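Visitor: Here it is, the structure, as structure tokens.
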């Protein structure tokens, strides 16, 4: 095992060993509490190629990328850079070894100039130890000239477009003389002209012998820019092919591949009246013209890639971000859902996507977490909480949901993901909802807890609750839903009935 | 959900945990015993076995304690209130001007002397509450950080206190008014409001929502809590308590001066934080704050008892405040690792 420092010294001396691959990952494995994110994954990156990583959300692309960029260290497996084994300990370590990552959410400091951003930590100094701004800007201009980028080095980053910021990130990566560049969906916020410019730069870099790892969800880009691609699924490596060899359909099949195991306790329950009816719902700049009905006893699945606007639709229906136009009716009555409070009064419940950010009160105990929503209008007398009754109800609920904990005094922070999710579900079931919105109800929780949650949802629809379920896991959407709405770029691109839906059809509607 | 078959599991025992105040109580005991020991060594008498000293000690910190009860609630929501010291000065001045007796030579309002005592009291509470409502509304509706909103109020309220009589003290207060600062009444008021808000935080919806907002505002919002309205309530209560503190201060001194309450906001924050309230929100108790207040009082009283120079007192006090918080952070991290 060669230390990063030695590697750097070797690289700086110019004596780069003649390895067949620029970067090679062998049998990498990474586990997080409760989930195996990567299992026995390998990847080989050649010099002078653009190598695309493909896969559904949660396939393991991001984890792999973070391992390459030094953000995670693999539990087992090896990383070989230019023929030598290395072990990266931090992103800085990776950067100094010539591996640069261009993040999806850009990491620039908006109040500093372009040049200051690029050379941060490496500013040229004059002999008094002050930053030499003339030299700093000259250096930046030279760098931009090499990359055909036309941005004023002295302008503040906050005034620039997303596309320009992306260019700056790329220039920054190049300024480290990196030869492994990782790009995570770089085109997601760019216009077509900007994409064309970006691709020109990427091709230049490729022709200079750099290796580029390119993550994308867009099929068209794969054929445009990538030389090779690797497919991942459920944290496993599926295969690597040249992008000229395959058709779009073949790739989709590789991505979704697996047989759907019937692990979903879907039951046929009588479907009742329309409970929730959404017409032409829009939120400016986020999604537009969403219309659908959900009936009592029905599960409407919403599929789509991350960023397609699925969660935003849910938040708008629940009043977290009230709609800019369109209508919401409940039981045939038009309602103005201006805040979550109104939504709750109308019998809605919303289990949000991010348990930690918008769900749990991590530092408080289970009891306090579970009783939060129901306290709005029940279990109080003259402002005082009728704690005895409420505790008994929470205790009941937590046993019914099989929350694994010694007592309700346990802090939610100390529970596993699955148990935290159960507490949140309990919070909403106490309000006896008529409409239940679930956003990624089983993300990051183990198989056993997943099955329990699915069973619970099934019980609820049997009792006539109308359910909207957003999920990135296609098997879950397919297994649980009566109908599926697929979204892409803030629009509904299609509705599929349970009988006709399959993974390929969903992916086609979702990736377009 | 009506199934019962699954609830056959044995009922869980609600485990009794050691109160979180225990550790801070031990700190108080430690500090008190240290003074006791040093007292016998250097002064030749007992620190604790002197009822008069203990009474004065609590009397001295009651005003800060009243403020700290409000500030604790603000900090639990994840906010801060820097304005309370200035609000003390402002309410003291304004309320006192309505509490002047008829035989005083130069009252602020010559036509309004010898009013019944409830008028200045209500005016004081109302002005404090108003200051709090302004703080809360600024924070809720303009989304500026609590630090800035209350910093503005801190400067302006002090300005109002000075402008009100162009810097002149307001004296000649009626005996009815000064009686609320007489004897141990300040202590009674302090412990009274502490008890009321201890109950409010623990047993009412108001309290539950206060903790929820501090622990995770987004989750609280999604759960249907009107965060804006609730924050205004919390800041209004903090303002009202600062107003009450202003009344007590003026009554105790039998006069009101524009400079009253300077730095009280920081002592109150210190008392809350020493008592285990987390500045990042979601955690804190009034009982802890009461103990924190008494720790501040014990330090001042103990140093005076040992005849420690006033300059050294401040230096050491600052260090003890920081040490208490460092110890608390350390304790929390240790708990997380388990």
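We did not get these values from a lab; they are worked out from the coordinates using the rules stated. Keep in mind that this is a model prediction, so the values were computed, not measured. No Cβ is skipped: glycine too gets one built from the backbone with ideal geometry, and neighbour counts run over all protein chains shown.
Visitor: What does the average come to when, for each residue of peptide A:369-377, you count the partner chain Cβ atoms lying within 10 Å of its Cβ?
Guide: Counting Cβ atoms of other protein chains within 10 Å of each residue's Cβ and averaging gives 5.
Visitor: Then there's this: Sorted from largest down, what three extents in whole angstroms do the Cα atoms of region A:362-432 have along their principal axes?
Guide: 36, 23, 16
Visitor: While we're on this one: Once each part is reduced to its C-alpha centroid, what is the distance from region A:341-368 to region B:259-303 in angstrom?
Guide: Distance between centres, Cα-based: 32 Å.
Visitor: Still on this structure, please answer the following. Measuring from a point 7 Å past the Cα of residue A:378 along Cα-to-C-beta, which residues in region A:412-434 have an amide N at less than 14 Å?
Guide: Within reach of a label on residue A:378, which here means backbone N under 14 Å from a point 7 Å along Cα→Cβ, region A:412-434 contributes A:426-434.
Visitor: Among the DSSP beta bridges whose two residues both lie in the protein assembly as shown, what percent are antiparallel, rounded to the nearest 5?
Guide: 55
Visitor: When a footprinting reagent is the concern and you count Cβ atoms within 10 Å, what order do A:413, A:250 take, fewest first?
Guide: Listed from fewest to most nearby Cβ atoms, that is A:250, A:413.
Visitor: Another one. GNM on chain B, C-alpha springs below 10 Å: top fluctuator among B:105, B:324, B:250?
Guide: With Cα springs under 10 Å in chain B, the top fluctuation among B:105, B:324, B:250 is at B:105.
Visitor: Continuing with the same structure: Between 0 and 90 degrees, rounded to the nearest ten: what's the tilt of helix A:192-207 against the longest Cα principal axis of chain A?
Guide: 50
Visitor: What shape does chain B have by the C-alpha gyration tensor, where a ≥ b ≥ c are the square roots of the eigenvalues, rounded means a/c under 1.5, and otherwise prolate means a/b greater than b/c and oblate the rest?
Guide: oblate
Visitor: Something else now. How many angstrom lie between the C-alpha centres of region A:279-338 and region A:187-253?
Guide: Between the Cα centres of region A:279-338 and region A:187-253 lies a distance of 33 Å.
Visitor: Which of rounded, prolate or oblate describes region A:191-303 when judged by the alpha-carbon gyration tensor and an a/c cut-off of 1.5?
Guide: oblate
Visitor: Taking neighbour counts of Cβ atoms within 10 Å as a proxy for exposure, in what order, fewest first, do B:309, A:280, A:482 appear?
Guide: Sorted ascending by nearby Cβ count, the order is B:309, A:280, A:482.
Visitor: Which distance in Å, rounded to a whole number, links the C-alpha centroids of region B:39-77 and region A:393-412?
Guide: A separation of 41 Å, based on Cα centres.
Visitor: Please compute the average number of Cβ atoms from other chains found within 10 Å of each residue's Cβ in peptide A:391-397.
Guide: 2
Visitor: Ok, one more. Going by C-beta contacts inside 10 Å, put A:116, A:410 in order with the fewest on the left.
Guide: Least to most surrounded, the residues fall as A:410, A:116.
Visitor: Another question, then. Averaging sequence separations of C-alpha pairs under 8 Å and six or more residues apart, then dividing by the length of chain A, give the relative contact order as a whole percent.
Guide: With pairs under 8 Å counted, the relative contact order is 16 percent.
Visitor: Which angle between 0 and 90 degrees, to the nearest 10, do you get for helix A:162-175 versus the longest principal axis of chain A when only C-alpha atoms count?
Guide: The angle comes out at about 40 degrees.
Visitor: Using only the alpha-carbon atoms, how far is helix A:4-13 inclined from the longest principal axis of chain A? Give it as 0 to 90 degrees, nearest 10.
Guide: The answer is roughly 40 degrees.
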